[in-house]
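The values are calculated or read from the model by the stated rules, or taken from the named source; none is laboratory data. No experiment lies behind these values; they were computed from the predicted model shown. Glycine also receives a Cβ, built like all others from the backbone with ideal geometry; neighbour counts cover every protein chain displayed.
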Amino acid sequence: MSRDHFSMNAFCMLVYGIFFFLGGISSADAAQQPPDPTEQLRPFIEKIVLILADPDLQGAKKHVQRREKVMLFASEHFDFHEMSKRVLGRTWQTLSKDEQNYFVTIFTSLLEHAYIDKIEGYSKQKVEFKSQRIKGKRAQVITNIVDTNGIITVSYIMVLKNDVWKAYDIVVEGVSLVRNYMSQFREILRKEEYTSLLKQVENKVTELDSSDR
């Protein structure tokens, strides 16, 4: 075999190797691309709207049943653990695992009432998905709720966990649900112990549960 022929074969192998390597990188990058947060959020929002508009779930007597259906789907798309961690701030780190888990449970119950109360009037409005921003494993999906009275902007702040985008904050017209609770809890914790805050949250949940009956 001539030296020129050998050189040509080596060159071809080198070129092939480069393309193969670059192709491998491209395929790996494609495989690592996160799922689209809007496309994961869209069917959830559409399902919630259907539940709220369901004729069989209308009226005050069906409020609890309606809320349970909404929260069943919300639990799959909301990260209540992350929400709880953020609203407590540094206090979260001082709690044991059992205490953290209990706070998640009781705070989720509080959010059930807050979230359902906010969205129950949105069953007949049109939801527009306007834009999204992705930075690593964090994302923001911006939507508009449109009706004859105007437009309400609602943003979902999300985190990617196991290829699923989960919301850990909702921002309505610039007001963050998590920051609102964080501010309230921080003020209480500045003056009182965590046990006092927990008792107040428990009492509020009991009060709201009683009003549903």
Exercise. For segment 157-196, what are the residues that are among the aliphatic types (A, V, I, L, M), assigned to a helix (DSSP H, G or I) and touching a residue at least 24 places away in the same chain (Cβ under 8 Å)?
Worked result: Leu177, Val178, Met182, Leu189
Exercise. Of the residues that make up segment 147-161, is at least one within 19 Å of Ala74 (Cα to Cα) and touching a Leu at 6+ places or on another chain (Cβ under 9 Å)?
Worked result: yes
For this session: For residues that are modelled with pLDDT of 85 or more and part of a strand (DSSP E or B), tally how many sit in segment 120-149.
Result: 18
For this session: Go through (1) touching a strand residue (DSSP E or B) at 6+ places or on another chain (Cβ under 6 Å); (2) crowded, with 19+ Cβ neighbours inside 10 Å one by one and return the number of the condition Val171 breaks.
Result: (2)
Exercise. What are the residues in segment 123-146 that are among the β-branched types (Val, Ile, Thr), buried (at least 16 other Cβ atoms within 10 Å of the Cβ) and touching an Asp or Glu at 6+ places or on another chain (Cβ under 7 Å), if any?
Worked result: Thr143
Seminar exercise, completed: Counting only residues in segment 49-94 that are touching a residue at least 24 places away in the same chain (Cβ under 8 Å) and over 25 Å from Leu160 (Cα atoms), the one nearest to the chain's Cα centre (by Cα) is identified as Arg67
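From the list Val154, Val201, which residue is of a type outside the set (S, T, N, Q) and outside any helix (DSSP H, G or I)? Explain how you work it out, then say what you get.
On the way: Val201 fails: outside any helix (DSSP H, G or I).
Being of a type outside the set (S, T, N, Q) and outside any helix (DSSP H, G or I) holds for just one of Val154, Val201, which is Val154.
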Exercise. Taking segment 45-104 on its own, how many of its residues are farther than 19 Å from Leu177 by Cβ and hydroxyl-bearing (Ser, Thr, Tyr)?
Worked result: 3
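Determine whether segment 86-99 contains at least one residue that is within 25 Å of Val154 (Cβ to Cβ) and touching a strand residue (DSSP E or B) at 6+ places or on another chain (Cβ under 9 Å).
The initial filter retains those residues of segment 86-99 that are within 25 Å of Val154 (Cβ to Cβ), namely 86-89.
Filter once more, so that each one left must be touching a strand residue (DSSP E or B) at 6+ places or on another chain (Cβ under 9 Å): 86.
Within segment 86-99 (the criterion being within 25 Å of Val154 (Cβ to Cβ) and touching a strand residue (DSSP E or B) at 6+ places or on another chain (Cβ under 9 Å)), the answer is yes, since at least one residue qualifies.
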